[in-house]
Each structure stands twice: as C-alpha cells, then as structure tokens.
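The values are calculated or read from the model by the stated rules, or taken from the named source; none is laboratory data. Just so it is clear, the structure is predicted and the values come from calculations on it, not from any experiment. Every residue, glycine among them, receives a Cβ derived from its backbone with ideal geometry; neighbour counts consider all protein chains shown. Accessible surface is based on the protein model in full, side chains and every heavy atom, while ligands, DNA and RNA are left aside. Shrake-Rupley method; radii C 1.70, N 1.55, O 1.52, S 1.80 Å.
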Amino acid sequence: MKFSYYPGCTLSAKAKDLDEYGRKAAEALGITLEELPEWQCCGAVYPNATDEIATRLSSVRALSKAKEAGQTLVTLCSACHHVIKRVNGDMQNNIEIRQNVNAYLHTMEGAEPYEGDAKVIHYLEMLRDCVGFDTLKSKVVNPLKGKKIGAYYGCLLLRPGKEMQMDDPENPTILEDFIRAIGAEPVYYGMRNECCGGYITVEDKDQAKKRVNAITGNARNSGVDMLITACPLCHYNLKKNADEPLPVYYFTELLAEALGVK
Amino acid sequence: MKTEDMIKEITRISGGNPAKCMKCGKCSGACPAYDEMDYHPHQFVNMVLDGRIEELAGSKGIWNCLSCFACLERCPRSVEPARIIEAVRVVTLRKAGANHLKPDDIPARLDDDIPQQAITSAMRKYAK
Ligand code: SF4
Ligand code: SF4
C-alpha cells in the first residue's frame, strides 16, 4: 500500500516522535508513506470565515499534489487533518470558495483547477480502513498487556462530525479499537472528546489549565494510567499545563512499541 | 455600516445562520469556555440577530472561545455558533490596528516545549 503523506510543521520540529514512530510503524505494516515533495504549513486552524481564500491555499496545494500522484493523502497531526479535510470539503461543496481559490491559483501559479477530488484520511483511518484492526492485531509482536489507556480525542479529529466523517463525534470508538488492537485495555472517561483549550494556551494560560485539569482529573478518576493523543498541541497542553499530569503519549509511539520497531 | 447590513455581513462570513436559533441553550450547555465568555454562545447568536454587534466586538468572549465546535456539533438547528463567533472576531480584527496579539508579544509567552502550531494558531486567531 502506498500513500502520499503530509507531516506538517509541528511534526518536523517539536513533535518529531509522532512523525518518526508513525513512519516506522507504517513501514513495519508494509505501508509506503511518500512525503509530498513540497508542502506548506496548513495554517493550524481551519479558516471558519467563508470569505478567507489565502488561508485555504496551502491545503489545496497539498491536496492537488496527492491528486497528481494518484494517491490518497494521509495526515497524522489532528490539527493538520482537521484543516485539510475541511478545506477539501469546501472545495467540493462551496462554489464560491472553489471558484475563488482556483482563480487565484490559476492566475498566480498556472495551476490546474482543483475540485476536491483527492481523498484525505487520517493515519488512524488508514489503520482502521486500509490495514484493518484485526490485521494490525495479528502483526503485534509486543502486546502492551495490562496498560490502562485513556484515548484522548480532543475536538479537532471528530468535529464537525458531518465534515470530518471519521467516527461518531459523541461516542467515538476508533482510538479504543486501536488500543485493543495493540493489546492494551481502553478506559472510557467522559471528557475524552472535550477540548483541552489548545490554542488559548498562548492567550490565557489559566483557562487552558482549567480545561486540562478537568480532563486529567476525570481520566484519573476513571482509572486511566496514561493518555494517548494524535495532537501535538493536546500533548503539550496535557503534559505541561496540568497540575497533576498523567503520562501522555502519541499513539504512534505505542504502535511502534507494539510492532517491535521502537 | 447600517445595522441590518452588519447582521447580513456577519451571517455571510460565518456560513451559519443565527435566524434558525430556537433558543434552546444547548450550545451554552456544551461550551467549555462558558465561564470565561461574558456573553454565552446562545446569547451571542441572539445578539447578532438583534444587531448588537458592536457590543459583541468589544466583549471578552470573542477571544476566549476555544473553537472546539462543541456548540456547532450539538446545535439541533445548524446555527453554527462557533462560526458566528469567529465571524465577529475576524470582522473586529480586520479593522486597522485591531490586532489582539502582536508578533512582539510572542517571545514572552514561549517555553521550550511549545509546539509550532500553538504560535501559528494564535497568530491566525488573534491577528491579521
Ligand atoms: S466553539 Fe467556542 S462557543 Fe462553541 S462550544 Fe467551543 S468554546 Fe464554546
Ligand atoms: S444550540 Fe443552536 S438552536 Fe439552541 S440556542 Fe444554541 S444556537 Fe440556538
């Protein structure tokens, strides 16, 4: 299996673990992740304002490149995935955005029109839908027995459900199924899909702390020993801003460990 | 700008629709920034509808909404409060000299572990 791969800025810098373990694990599963030859920062937040065009361009360029390569695009960072997936939806469904983006890219870069026809999936969807959790389970050489893991979804992976189309936004299972596949025990807790206050950490640290303390407290009281996430900002926030932090790992690190390639 | 034009402008930029709100309060019930927002999401939506946009533009809530989309997900009427709040924020930021965060403010707020996306997203949310 071969995919185009979009790592994004944070995975090339502060979140190298998320990226490196993701690549190693993919290799162990017989998957080729071909990094896009050129990519730009996705902008880290989805441009909610419907009249913003420039902030959508980097996502469209990445999607066009994957289309040219004839491959599905795989993302790994929750935020990149959120932005690129939703911009792809805009290019499919919003005529005004599609026309303005294409007019700009055509005039400035002579680019072919792009109409949202590339497919973008998150690494977890690749595991679930292309590899299959049963197959993954059969490839685990070092099952993480006895580990009680809380899946931390946060907000960006799941919402808005009708655009992200990854899982049930209110009762997701993809990360718990992943935890089972690597031989550990998923622990459910109420706040697994509540926001950790990611970007507010630069604006108002106390607000972020309050969010993170509520989430880690809820996880701990539910019997969670460690949290896993796909988001570098959640990872930072949960680790750095909690008064009594729980251990936090990128899901790819545990995946690489289970596959014996860590 | 005339009040009714402002309402139209915010609605257009947001891609949501405040007129569909049935005042059920679900959005505010779901909001993790409820305590920090001076006007809570359901009030915010209705104030846009009433044309009280200047008031909202000067409120703390436009900076404290987390863009977590809980309100948008749980609203039974597809009002999309998160996007309406964002529209008021961007219209405020687009005025000359209205940046809420300046590049010079950033270094003091950094630590060794802060991921790039925190800085990029803050600049995207709080400055133009
Ligand atoms: S997007 Fe903003 S207003 Fe809506 S629930 Fe999240 S923090 Fe509250
Ligand atoms: S959840 Fe939707 S319909 Fe209910 S008060 Fe909020 S915006 Fe209005």
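Taking K and R as +1 and D and E as -1, what net charge do the other residues with C-beta under 10 Å from the C-beta of A:GLY217 add up to? Write out the running numbers ahead of the final one.
Working: positive: A:ARG220; negative: A:ASP243, A:GLU244.
Every neighbour counted, the sum reads -1.
Quick check: the angle from helix B:3-14's long axis to the longest principal axis of chain B, C-alpha only, nearest 10 degrees?
So the inclination is approximately 60 degrees.
Keeping the other protein chains in place, figure out the carbon and sulfur percent of the accessible area of segment A:2-122, with a 1.4 Å probe. Show your work: numbers first, answer last.
On the way: 2230 of 4890 Å².
C and S fraction of accessible area: 46 percent.
Taking the Cα centre as origin and putting +1 on Lys and Arg beta-carbons and -1 on Asp and Glu beta-carbons, what dipole magnitude results for the protein assembly as shown, to the nearest 20 debye? Can you show the working numbers first?
Values: 50 positive and 52 negative charges, 69 e Å.
It comes to approximately 320 debye.
For A:MET108, put the label point 7 Å out on the Cα→Cβ axis and report which residues of segment A:6-44 keep their amide N under 19 Å from it.
Within reach of a label on A:MET108, which here means backbone N under 19 Å from a point 7 Å along Cα→Cβ, segment A:6-44 contributes A:9, A:38-44.
Using a 10 Å cut-off around each Cβ of peptide A:190-199, what is the average number of partner chain Cβ atoms that fall inside? Display every interim value, and only then the final one.
Values: counts 0, 1, 0, 3, 5, 8, 3, 6, 8, 12.
Counting Cβ atoms of other protein chains within 10 Å of each residue's Cβ and averaging gives 5.
Obtain the nm distance between the two label points defined at A:ASP206 and B:ASN46 by a simple spin-label model: each point lies 7 Å from its Cα along the Cα-to-C-beta direction.
For the pair A:ASP206/B:ASN46, the computed spacing is 2.9 nm.
Once you've got the GNM for chain B with C-alpha springs shorter than 10 Å, pick whichever of B:MET37, B:MET22, B:MET47 has the biggest mean-square fluctuation.
Looking only at B:MET37, B:MET22, B:MET47, the largest GNM fluctuation is found for B:MET22.
Angle, helix A:16-28 long axis vs. longest principal axis of chain A, Cα atoms, 0 to 90°, nearest 10?
90 degrees
Given a cut-off of 27 Å, name the pairs among A:LYS67/A:LYS162; A:LYS85/B:LYS125; A:LYS210/B:LYS26; B:LYS2/B:LYS23; A:LYS85/A:LYS148 whose C-alpha atoms lie farther apart than that in the structure shown.
Numbers: A:LYS67/A:LYS162 23 Å; A:LYS85/B:LYS125 19 Å; A:LYS210/B:LYS26 22 Å; B:LYS2/B:LYS23 25 Å; A:LYS85/A:LYS148 31 Å.
Too far apart for the 27 Å limit: A:LYS85/A:LYS148.
Averaged over peptide B:121-127, how many Cβ atoms belonging to another chain are found within 10 Å of each residue's Cβ?
Going residue by residue through B:121-127 and averaging, the value is 6.
Between B:ALA98, B:ALA30, B:ALA70, find the one with the highest GNM mean-square fluctuation for chain B; connect C-alpha pairs within less than 10 Å.
Of B:ALA98, B:ALA30, B:ALA70, the Gaussian network model singles out B:ALA98 as fluctuating most.
Do you know the relative contact order of segment A:121-262, to the nearest whole percent, from alpha carbon pairs under 8 angstrom that are 6+ apart?
Working: 223 pairs, mean separation 38.4, N = 142.
Here the relative contact order equals 27 percent.
Take every residue in peptide A:56-62, count the Cβ atoms of other chains within 10 Å of its Cβ, and give the average of those counts.
Values: counts 0, 0, 0, 0, 0, 0, 0.
Across the residues of A:56-62, the mean count of other-chain Cβ atoms within 10 Å is 0.
What distance in nm lies between label points placed 7 Å from Cα along the C-beta direction at A:ALA13 and A:GLU115?
3.8 nm
With every protein chain kept in place and ligands, DNA and RNA left out, what is the accessible area per residue of chain B? Probe 1.4 Å, answer in Å².
On the way: 5720 Å² over 128 residues.
Normalised by residue count, the accessible surface of chain B is 45 Å².
Given Cα pairs under 8 Å that are at least 6 residues apart, what percent is the relative contact order of segment B:3-126? Can you show the working numbers first?
Numbers: 151 pairs, mean separation 35.9, N = 124.
After rounding, I find 29 percent.
Whole angstrom only: what separates the Cα centroid of segment A:220-262 from the Cα centroid of segment B:12-74?
Value for the Cα centre distance between the two parts: 32 Å.
For chains B and A, what's the summed buried accessible area, probe 1.4 Å, to the nearest 100 square angstrom?
Values: alone 7690 and 11980 Å², together 15660 Å².
Buried surface at the B/A interface: approximately 4000 Å².
GNM on chain A, C-alpha springs below 10 Å: top fluctuator among A:SER12, A:SER59, A:SER78?
In the Gaussian network model the winner is A:SER12.
Find the accessible area per residue for chain A; the probe is 1.4 Å, ligands and nucleic acids are left out, and the unit is Å². List each step's numbers first, then the result.
On the way: 9940 Å² over 262 residues.
Per-residue value: 38 Å².
For B:GLU55 and B:HIS100, FRET efficiency with R0 = 25 Å and r from the beta-carbon atoms, rounded to 0.05? Don't jump to the answer; show the numbers that get you there.
On the way: r = 17 Å, r/R0 = 0.68.
The computed FRET efficiency comes out at 0.90.
Compute the relative contact order of chain A as a whole-number percentage, counting only Cα pairs closer than 8 Å that sit 6 or more residues apart in sequence.
On the way: 462 pairs, mean separation 53.9, N = 262.
Reported relative contact order: 21 percent.
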